[in-house]
Each structure stands twice: as structure tokens, then as C-alpha cells.
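Chemist: One structure coming up, written as C-alpha cells, with questions to follow.
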């Protein structure tokens, strides 16, 4: 087994991510999509511990791109999979950018 082209971590613990979405199902969904696309040798989907960014979840991180996603909903998973995991283009509207003015409004914030 060689190095994966893309490694995705989904926060499945911590104080808030598991309460903000069915993150265990997110992992299953993304693994299923990778299997259907026959990407099991290139893409790895893992459960992860807390990213210490509680309140911004559900969160995911994609490496080696170092792209963090926040406020991910089940309805966003296919777009993340198609655009980023398969196509290499991050989904900008979901990117987590701490310290960037105007970025990362918490879901539901105005």
C-alpha cells in the first residue's frame, strides 16, 4: 500500500461536531462514494478526534491540500467529493479560514 493522493479526516468527536451533524454517516457516505468511484487505493477517509475548533462543525480536513471545511452538512458531501476529492478543486464556500475577516460566518449567522 502506497501513499494516498487524498486523505480526508472527519471530526467524529469533541463537544459539538457530533451534535451538529451525523458525522458517522458522513464517513460512511464518503467511503461509499470512494468505493463506487474505485478510488480506494488513492483516497482514504478517516474518523478523527476533535480538531479543537468547537462550534464551527461539522468539520472536515483534506490533506495534503490542508483545506479545512466548516459547517458541513450532509447535502454538501457530494459537492465536496466531486469537486475536491475527485476534481482537486476545494469548495470555497465551506472553507474554514480562521482569522480572515468576513470568512467563516457560523452557520445561521448574518
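The values are calculated or read from the model by the stated rules, or taken from the named source; none is laboratory data. If you're wondering where the values come from, they're calculated on a predicted model, not measured in any experiment. Virtual Cβ from ideal backbone geometry, glycine too; neighbours counted across all protein chains shown.
Chemist: State which residue pairs qualify: first residue farther than 20 Å from residue 58 by Cα and inside segment 15-44, second residue in a helix (DSSP H, G or I) in any location, beta carbons under 7 Å apart, and separation of 6 or more residues or different chains.
Modeler: Once the first residue is farther than 20 Å from residue 58 by Cα and sits in segment 15-44, its partners that are in a helix (DSSP H, G or I) give 37/86; 40/34; 43/34; 43/85.
Chemist: Specify the residue that is farthest from the chain's Cα centre (by Cα); the eligible residues are those in segment 65-77 that are part of a strand (DSSP E or B) and over 18 Å from residue 19 (Cα atoms).
Modeler: 67
Chemist: Here's something else I'd like to know. Name the residue that is modelled with the lowest pLDDT, counting only residues in segment 15-64 that are touching a helix residue (DSSP H, G or I) at 6+ places or on another chain (Cβ under 9 Å), assigned to a helix (DSSP H, G or I) and within 23 Å of residue 92 (Cβ to Cβ).
Modeler: 17
Chemist: Pull up segment 13-30, narrow it to residues that are surrounded by 18 or more Cβ atoms within 10 Å (Cβ to Cβ) and under 14 Å from residue 74 (Cα atoms), then point me to the one that is farthest from the chain's Cα centre (by Cα).
Modeler: Within segment 13-30, the match that is farthest from the chain's Cα centre (by Cα) is 20.
Chemist: Hey, can you tell me all the residues within segment 34-55 that are closer than 13 Å to residue 69 by Cβ and more than 12 Å from the chain's Cα centre (by Cα)?
Modeler: 53
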